[in-house]
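Working notes for the structure below.
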Amino acid sequence: MAATPLMNEFPELAHLTREDLEDILNDPAYFQSIFHSLPQVKELYQAQAELGMANEAIARTNLSLQDRLYELRTETKEAFDNAKSMESRWKDLEREQREVYQRFNPQFLLLRLRHATTAQDDASEALASSFVQSSPLPSSGNDASDVDEFIREFRELRKVYHKRLMWGDRWASGQVPWEDG
């Protein structure tokens, strides 16, 4: 019998007669028994069984790790939420810090000094106007204690005004050093 491509690929069938081969084709049970006896099929089933067992082992391992995975997922979510909360708080604190630092910024302090100087000038002028409007006529005689009290208050207000004015002038001319830091 000449070697056919079937015999080259499946040498295990080479010993079978033509009638046996035809019976294999016509009888599904006989085909199955011959098919499952082939070494390639046996190796394939063995490899499939080994892969199945390996998959089962991996699945058991995965199932044993499932609870810890869920715990880690929960912990991670909590940590992430906490980090987001802290990030938001950080931004609020940075904004508050900038606002606090701004109040001590040299330009802001100079502005406050100028406003305070103007307010001090207004206060001393208001005191003087009030005294002039409420003082009796010169012919009736001024009460000396009222005049002394006015002079003391007015002088104190003007002293503070002139000190602030002097510091503002020095500051504007660059004679007040500032250290950043």
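The values are calculated or read from the model by the stated rules, or taken from the named source; none is laboratory data. These numbers were taken from a predicted model, which means no experiment stands behind them. Heads up, the Cβs are rebuilt from the backbone with ideal geometry, glycines too, and the neighbour counts pull from every protein chain shown.
The table for this structure:
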item	result
Selected residue (only one of 73, 60, 98 is under 30 Å from residue 179 (Cβ atoms), surrounded by 10 or more Cβ atoms within 10 Å (Cβ to Cβ) and basic (Lys, Arg))	98
Any hit, the stretch 106-121, residues being modelled with pLDDT under 90 and not in a helix (DSSP H, G or I)	no
Scan of the stretch 63-121 for residues that are among the hydrophobic types (A, V, I, L, M, F, W, C) and within 30 Å of residue 155 (Cβ to Cβ), ordered by number	109, 110, 111, 113, 116, 119
Pair list, Cβ < 8 Å and 6+ apart or interchain, from the stretch 66-92 residues that are on the phi > 0 side of the Ramachandran plot to residues that are surrounded by fewer than 10 Cβ atoms within 10 Å (Cβ to Cβ) and part of a helix (DSSP H, G or I)	none
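Matching residues to (1) under 36 Å from the mean Cα position of the chain (by Cα); (2) among the charged types (D, E, K, R):
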{"residue": "61", "(1), (2)": "yes, no"}
{"residue": "65", "(1), (2)": "yes, no"}
{"residue": "82", "(1), (2)": "yes, no"}
{"residue": "89", "(1), (2)": "yes, yes"}
{"residue": "97", "(1), (2)": "yes, no"}
{"residue": "117", "(1), (2)": "no, no"}
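For every residue, the table says whether it meets (1) at pLDDT below 85; (2) out of contact with any helix residue (DSSP H, G or I) (no Cβ under 8 Å at 6 or more places or on another chain); (3) assigned to a loop (DSSP other than H, G, I, E, B).
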position	(1), (2), (3)
139	yes, yes, no
154	no, no, no
159	no, yes, no
164	no, no, no
168	no, no, no
176	yes, no, yes
